[in-house]
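Working notes for the structure below.
Coordinate-derived values only; no laboratory data. All values derive from a computational prediction rather than experimental measurement. Positions of Cβ are generated from backbone atoms using ideal geometry, with glycine treated the same way; all protein chains shown enter the neighbour counts.
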There are 2 protein chains.
Amino acid sequence: MSAARPAAPGPGGGGPAGPARGRGLELDVAPEPELGSSTQTSHRLLAYSDALLSIIATVMILPVAHTKIHPDQKLGESVQQLLLAKIAVYLMTFLIVTVAWAAHVRLFQVIELIDDVLALLNLACMMIITFLPYTFSLMASFPDVPFGIFLFSVCAVVIGLIQAVIVAYGFYHPHLLNQQIQVSENQNFYKRHILKIILRGPILCFLAAIFSFFFIPLSYVLLGLVIVFPHLTRFITWCKTKIVGQRDEEEHSNLETFTFYLSEPLSKERVEAFSDGVYAIVATLLILDICEDNVPDPREVKEKFHGSLLEALSEYGPNYLAYFGSFVTIGLLWFVHHSLFLYVTKATRLMGLLNILSLAFIGGLPLAYQLTSEFAEKSHNEIEAIQVSCVITFFASIFQFAIWTTALLHERETLHPFARYGGKEHAFMFAKLALYPCVSLGAFFLTCLLSEFSTAIFHLMQIVIPFAFLALRIFVRISLTIIKSVMPLSRRKVVLLEEEEACLSPGETLS
Amino acid sequence: MSAARPAAPGPGGGGPAGPARGRGLELDVAPEPELGSSTQTSHRLLAYSDALLSIIATVMILPVAHTKIHPDQKLGESVQQLLLAKIAVYLMTFLIVTVAWAAHVRLFQVIELIDDVLALLNLACMMIITFLPYTFSLMASFPDVPFGIFLFSVCAVVIGLIQAVIVAYGFYHPHLLNQQIQVSENQNFYKRHILKIILRGPILCFLAAIFSFFFIPLSYVLLGLVIVFPHLTRFITWCKTKIVGQRDEEEHSNLETFTFYLSEPLSKERVEAFSDGVYAIVATLLILDICEDNVPDPREVKEKFHGSLLEALSEYGPNYLAYFGSFVTIGLLWFVHHSLFLYVTKATRLMGLLNILSLAFIGGLPLAYQLTSEFAEKSHNEIEAIQVSCVITFFASIFQFAIWTTALLHERETLHPFARYGGKEHAFMFAKLALYPCVSLGAFFLTCLLSEFSTAIFHLMQIVIPFAFLALRIFVRISLTIIKSVMPLSRRKVVLLEEEEACLSPGETLS
């Protein structure tokens, strides 16, 4: 049974790794070979952490989505005054949580086995992380008071410190470490390296906490720096190597190859787990909203509707439509993401970044639902509400498309042969990924032109899309045939189609 | 890379299974060997479904937790009037969702590979399932109106129908099926068998929907029957085999061994995934509550507290304490669950049932949080609030303990050698699982005796427990040594300790 569990990152197995648990007081016992279950420990702990982190990142949207706007108030102004600032802060906090997640991924690439103490330390870390949305709520409600941003920064610092304790514990009990680090002579180098990755964010947050009492904008800049810092340093190193040449790499090659493992892409499994968490919780936030807002008050039903619940519920008609529309959007965007990652063999850092940006907009969908359900057909703001929804959907899907185009740049490393340029599923994948950006952009401009029918257009779009996905394969076939017949000797298409046939067998050998 | 993915349930691999996707229009293409990625499709889809289902089951607690009770009102009466009925309905709906989940697990044990159509059908199924909490909200708010229970039943029927369509689609495209069913001559038997499992719930719900307009109590009885039906039929078959003998089994043995695969325990992975989802979402519901209720109103801060946010927040002191206490409880119960399942090699049906009962009480923890945060030190009801919390914690942990004792009954099949009776980790595991039931029961009776100090006792308990877990290993060692010295020749203990030594090597060979 335990052999069927997900494969461990360190495939060595029979090394000197002790059992993951029960070492605390049993140092007298001779070291035993690795338990089959000990690696799994880490697996489930990480899955649980991924779930919590993705939920927490997404929950940050709630103070934004629940911003009270009077239906009579013009949304155009309110968006500028209230929402934009809140959305900016939401994006910032979402991205900061993803930075914490990335550090967590790196940390448990170094520490592969865990014991009870590590599990409890990790839970303590998670407890502080789940507190972040509250500090964000304070930040959003009291933008001028330093206390919110101070509390947020302090939490980030505490998280960093707990993770540092985990590193220290791990290096004090070397049998918990990654196999390669265990046998390495440069353990101290790895320790410094992972501590640097973990602590650079908290140090910036510490500065932000100090400056929050003097000059709040600087604190925000520092928190923003937390997000771009990893990418900035990477970009600088990349530029350096481009300008100075390969010298840097030679220097590093003295150290073992594991150095490059640490700067390698995030593991595809954890990227998927984190993404799934975001999609699942967004779908649930919608139902929470509908449970909260759309259950009529028993007294009101008696007085207003003469006890007829059905009549009272029919008042909420547009809300149900908005709910199902939003749920369909989330479900299908998950479906596209799932189809894409089915053919992704390795997620590079840039792809990871684009994925997180896409998820940040996915997290914005409850806001889109709130807007369309509150304003549709009730107030003057329906066009704005629908346009905001279209923009959110557009960005969520265009970043998915960007993951795909980025993957195509290094298709040999990152993609399954079927999905590569000229592969069997290439055209179909393209169509799948292009559908939502095209439709949401189209809906946006249509509502500009035909502002009277904006609600009808929006709902039509939400109803048609699932069927479009079902019939997509037929569309792609037909359009490929048409293209083939219209320009029968266009070089590019012939290559594409030839490769399509040729790929049927090499696809198996390459995979 | 793809080789490192979780192992597929059907390990055959090179069978006649076609590619999971792209069959719709490509029947002219000869069947290809199985894609490495196609099985993974199903894996991620199932993980996502598990996440959604567990979240939905847990969200059912919200209408209960958000029941408005005036602080001046005596909780004792309100509990009897309002909460008890709601809690009963919550337990029912939670268990019904878990029945749907179990059917979903069975369904995708039969259909192992998926394509785009199946993925979209499954998403449609999930969409209906996420709507269930809303129907439950209606049921809870309007217990006398048939519409809520009618809508709930209709949703359940639609879910059953979509799953039946999935079965039909799967058997129409046999390459998607489990290897064993594919090569079997009795495909129709399997089809009937899985349809029976999937549709028995919805048929009862259909009857419930009809009767909801005539006689609501009967509808509730029918819905209750949905929960006990699978266990009832199993119990009857078990009784029959006990009384009549092995005749039944002989009859069945004409069919292939796969028949028993279908009535085998749920896969341990999906039980873990579902449990993790419940624990993660319960932790998040707490922070949602605190975000909603404990962010002071900016205007109030200005008027009441002269603009001092810190002063306004200090009002919420007890709430923070309640939040951290509840989070620690959830985290540690997850930790116990995780420790237990680390040594479980196979989850029997009874263990699955006990796990679900434990999860149902875990889902009740947000209610405990609401009670302790709202009433502690504010009203006359603090003792009742704390006692309800203790009871919920007690049942959540005692069912975990029951999983363990049930596993011990068939320890050869279900447990890792270390955790078996006399194993190395046996005593420690016992202590871990017994800690929460003992402490919560102790706190319950202490509050009865020393009712004046009830809040102090409760908070002390919540603070002490994490340290108790950290020091548990030492306690167990010491107490074992004491027991050894007090009754040096007690037969049982000697056997235990001898086996502990002996188990060090057989443990490896058996695992």
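Label separation (B:S479 vs B:H231): 2.9 nm, computed from points 7 Å beyond Cα along the C-beta direction. Between copies, the label points at B:V183 (set 7 angstrom from Cα along Cα-to-Cβ) are spaced 3.9 nm, reported in nanometres from shortest to longest. With its label point put 7 Å out from Cα toward Cβ, B:F305 sits 3.9 nm from the same residue's point in the other copies, in order from shortest. The phi torsions of the stretch A:220-225, fed into the Karplus equation with coefficients 6.51, -1.76 and 1.60 and a -60° offset, translate into couplings of 5, 4, 5, 5, x, 4 Hz, rounded to whole numbers, with Gly and Pro shown as x. Shown in residue order for the stretch A:319-333 are the 3J(HN,Hα) couplings computed by the Karplus curve 6.51 cos²θ - 1.76 cosθ + 1.60 at θ = phi - 60°: 5, 4, 4, 5, 4, 5, x, 5, 5, 4, 4, 5, x, 6, 5 Hz (x for Gly and Pro). Per-residue extension of 0.36 nm, minus the Cα-Cα distance of B:C438 and B:V165, leaves a gain of 93.4 nm for this segment.
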